[in-house]
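These notes concern the structure reproduced below.
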Amino acid sequence: MSVLRIELRRSAAAGAALLALAVGVAALYLAPGRWSEGWMSLTLTVKEYLLLLWPIALAAGAWQGRREHRAKVGELFATTPRSRARRMLPVLVAMGAALGLAFLLVVGAGGLRIASTAAYFPPDVVAITLVGAFTLVAAAWLGLGIGRLLPALVTAPVLAVAGVLLVFFTAIMRPDWMGAILSPAYGSTPFYSFQTIDPRVTAVLAIFMGGLALAGVLLLVAQGPRAATAAVLPVLLGFGVAAALVPRDDASLIAPIDPVARELVCTDDAPKVCVTRVNANVLDALTPLARQGLAALAKMPNVPTQAHEDTRAFIIGDVPRRDADVVMIDVRIDDHGGLAHPAAVVPEMVFGLGVGYGDPDCERNAAVERAAAYHLLGREPVSNVGVIPEMIEEDPQLNAEAVTLWRDLQKLPAPEAVSRVTAVRDAIRACQDPTGLLSR
């Protein structure tokens, strides 16, 4: 233990860990909205930041690996009775423990922010986090071996650049199962709040990283060129085992779904409002807004009586059967884990006239739909820019046309105006062009 304390104090372990911790926490808190939804979002975000952390660990190991060459004490140590493996054990433990702990602390730093708002803790978070920490251990040990084999001053910076390129390009390579094996950051790009990583993908990454870690150890303790050459064997073996176990189907590789996170949590009273379990903390804030939207739609006959969070996962072609009694809501989470853009909830519910976005291949008339929706809302149409969060531009003539149609509706008796709005809704349901239905 005394030797280990000396290594932690004098080696690059503490400095590398502090650098990784600083980079990871800074990257997290520069964009808290990316992971404020919950524990899995946080875990995936930190996993994505392995694009930065993994090269840091690799370069730090390489810098430490050239220490004996830099101090020119290699021949002196070779004359001691202790084997090289025993002499390298403290530095392996120090570098691995420091960088692995740094990864865990990055996750913990984010967890402090979301602990009071995250409604669901997926069990897979533990495995993904531990394997993420192990990838930094593997990177540090591989860097130690390469640094001892190539003790040049440029080795560490070259490895840092190579590490960034390796993590990035393997994460997007095809076929996907290759990326799942090779890249520490694979599967971390978020598409929806109930996304996860298949446990088999986590397992094969751990297997391959274990091969890299063992290769680094062999390079670090090798006594000759033949022993150093043998370091490629654990890499090949790890890849072979991982390739045999990795799933090949898109549903497991490309943004798989956590079915528990996607389960609906609903209000006890009617009209029923439901959100996914991962977003259950915003149900109280969403409920009165969703019921306002349902009340506006209720001016038409045969309208939905429930509001559910949209649980479709388009990335894998998962489009559940549409329920005529349910209107879908896009639930967004703000930087602090609360409901984001509450002012957009009611307009977005009514804009689809209870049908939602409908079939994208059908004829649409945005001006007619906007005029009909704002008639239900009881106010003059305005540009969707600033109302819908994702909307950043639109045809400047669109809203003017909607305002004209809306004003014509206001001149009609209320039953006739509602009848025309209902006709627009029915045309959208039937995949027909609603043009002219408000001004017939």
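Just a few scattered comments:
- Residue (of Ala427, Pro271, Leu236) at the positive-pole extreme of the chain, dipole from beta-carbon charges: Leu236
- The stretch 291-318 and the stretch 135-183 have their alpha-carbon centroids 47 Å apart.
- Counting Lys and Arg as +1 and Asp and Glu as -1 over every other residue whose Cβ lies under 11 Å from the Cβ of Ile329, the net charge comes to -3.
- Only Cα pairs under 8 Å and 6+ residues apart enter the sum, and on that basis the relative contact order of the chain stands at 14 percent.
- Measuring with a 1.4 angstrom probe and ignoring ligands and nucleic acids, Lys299 comes out at about 100 Å² accessible.
- Ligands, DNA and RNA left out, the accessible area of the chain computed with a 1.4 Å probe is 64% carbon and sulfur.
- Taking every alpha-carbon pair within the stretch 261-343, the share separated by more than 16 Å comes to 52 percent.
- Note on the chain: Rg/Rh from C-alpha atoms, Kirkwood Rh, equals 1.14.
- Degrees between helix 283-297 axis and first principal axis of the chain (Cα, 0 to 90, nearest 10): 30
- Peptides 370-378, 302-310 ordered by average Cβ neighbours within 10 Å, highest first: 370-378, 302-310
- Near Glu309, the amide H atoms lying under 5 Å from its own belong to Cys274, Val275, Thr276, Ile329; only residues 5 or more places off or on other chains count, and H is placed 1.01 Å from N.
- Whole-Hz couplings from phi, Karplus 6.51/-1.76/1.60, listed for the stretch 410-418; x for Gly and Pro: 5, 7, 8, x, 3, x, 5, 4, 5
- Translational diffusion coefficient (Stokes-Einstein; Kirkwood radius from C-alpha pairs) of the stretch 145-251 at 10 °C, 1.306 mPa s, in µm²/s: 105
- Phi angles across the stretch 197-204 convert, under the Karplus curve 6.51 cos²θ - 1.76 cosθ + 1.60 with θ = phi - 60°, into 3J(HN,Hα) values of 10, 4, x, 5, 5, 4, 5, 5 Hz, Gly and Pro given as x.
- Here the dipole of the chain is about 2580 debye; that uses its Cα centre as origin and unit charges on the Cβ of Lys and Arg (positive) and Asp and Glu (negative).
- Net length available on complete extension from Ala152 to Asp395 is 81.5 nm, with 0.36 nm assigned per residue and the Cα-Cα distance removed.
- Per-residue ³J(HN,Hα) for the stretch 154-159, Karplus 6.51 cos²θ - 1.76 cosθ + 1.60, θ = phi - 60°, Hz, x for Gly and Pro: 8, 4, 4, x, 5, 5
- Rounded to 10°, Cα long-axis angle of helix 366-377 versus longest principal axis of the chain: 70
- Residues of the chain: accessible area per residue with a 1.4 Å probe, Å²: 46
- The solvent-accessible area of Arg379, taken with every protein chain present and a 1.4 Å probe, is close to 110 Å².
- Order of exposure, largest accessible area first, which applies to Phe239, Phe168, Phe351, Phe103 with probe 1.4 Å: Phe168, Phe239, Phe351, Phe103
The values are calculated or read from the model by the stated rules, or taken from the named source; none is laboratory data. These numbers come from a predicted model, not from an experiment. Cβ sites come from the backbone with ideal geometry, for glycine too, and all protein chains shown count toward neighbours. Calculation scope for accessible area: heavy atoms of the full protein, side chains included, ligands and nucleic acids excluded. Shrake-Rupley method; radii C 1.70, N 1.55, O 1.52, S 1.80 Å.
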